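Have a look at the structure that comes next, please.
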Amino acid sequence: MTLWWIGDVMLLVVVVPVVVYLLNGVLTTARSIVPSVRRIATVAQAGSKDLDATALLLTTQDQVAQTVAGVANYGGSLDVILDDAEEA
Amino acid sequence: MPAAGVVLLATVVLIVLALVYYLVSTILALREITNGLDDVIAGVGEILEKSAPVNAVVNDINANLDAGVDLLEGLLVKKAGLHDALGLVDGLYPGAAAAGFRRFPESATITPPRIGEVYTKGTLTLARLGREAPIALANPAGPVLRNVEGGSLAARLLYPEGRQERPENLPRSPVIGADAPTQYEQREDVGQPRKRLPGR
């Protein structure tokens, strides 16, 4: 009978606190992850919205190509109009 | 049942209850995390989708710009010569010649001549007049030739003195009309009947 009581006391004093402590640690850690994940999701959505302007890169690409073509035309004209540098 | 057995049973029930509470709470937190990660994956997927063509487009833009730079550098060097081209660039943008031309690696080792030694005064003046040219704002030889904020008549000073001279008092424009102090064409037949009709 004494061993039964000793077992009960050990269960109450040692096992229960340890189990509660460990489970509480797991729960606290899991709950602490939730706000971080929410912030990451917000940042990911904001980042996705920031990239909406990437479609305009296609316009930039066309504009740059046209500009360089115009520069090439002007350069060709200047090449015809201006004399070359004299050889040193 | 002995009292010790009852206490044991109650303790086990207590442990089970604690397990249930904490594990259910953990499951709920993990579900929230899963939902949040789903949102993250959706957002990251959008980012990947939107940024996929960026690399090719930017490379194409860079290739076009490289071609433009090569074209302009080549034209400048062809027309002015490498030595003078460096002086011209360095005169307009002080210090820029240190990096040299990209298409002409040897240009980085050349000491750029002063633009005034390379080009005539007229060309230098034109360069100073450039609205964007730094030399127009800070001319080491004296005041700027052009007030970039509001000056417009300063360009007149660039021409030889003879072309600027003007009479101090220009003759006034003649006053005409019936009340004019000087009547031109003072002919008595003006206003009189014609002596001879046209066509006869």
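What order do you get for A:Val34, A:Val80, A:Val18 when you list them from fewest to most C-beta neighbours inside 10 Å?
So the ranking, lowest neighbour count to highest, is A:Val80, A:Val18, A:Val34.
Also: At B:Leu9 and B:Val57, where each label point lies 7 Å from the Cα along Cα→Cβ, what is the point-to-point distance in nanometres?
7.4 nm
Give me the distance in nm between label points sitting 7 Å out from Cα along the Cα-to-Cβ direction at B:Glu106 and A:Ile40, one decimal.
5.7 nm
With label points built 7 Å along Cα→Cβ from the Cα atoms of B:Ala180 and A:Ile81, find their separation and express it in nm.
Distance between the two pseudo-spin positions: 4.6 nm.
Taking a quarter of the surface of the convex hull around the Cα atoms of chain A, what do you get in nm²?
For the Cα atoms of chain A, the hull's average projected area reads 14.8 nm².
Can you give the FRET efficiency to the nearest 0.05 for A:Thr28 and B:Ala42, using r as the Cβ-Cβ distance and R₀ = 30 Å?
The value I calculate is 0.60.
Read-outs throughout are calculated quantities, based only on the coordinates presented, and are distinct from any laboratory measurement. None of these values were measured; they are calculated from a predicted model. Backbone-built Cβ (ideal geometry, glycine too); neighbour counts: all protein chains shown.
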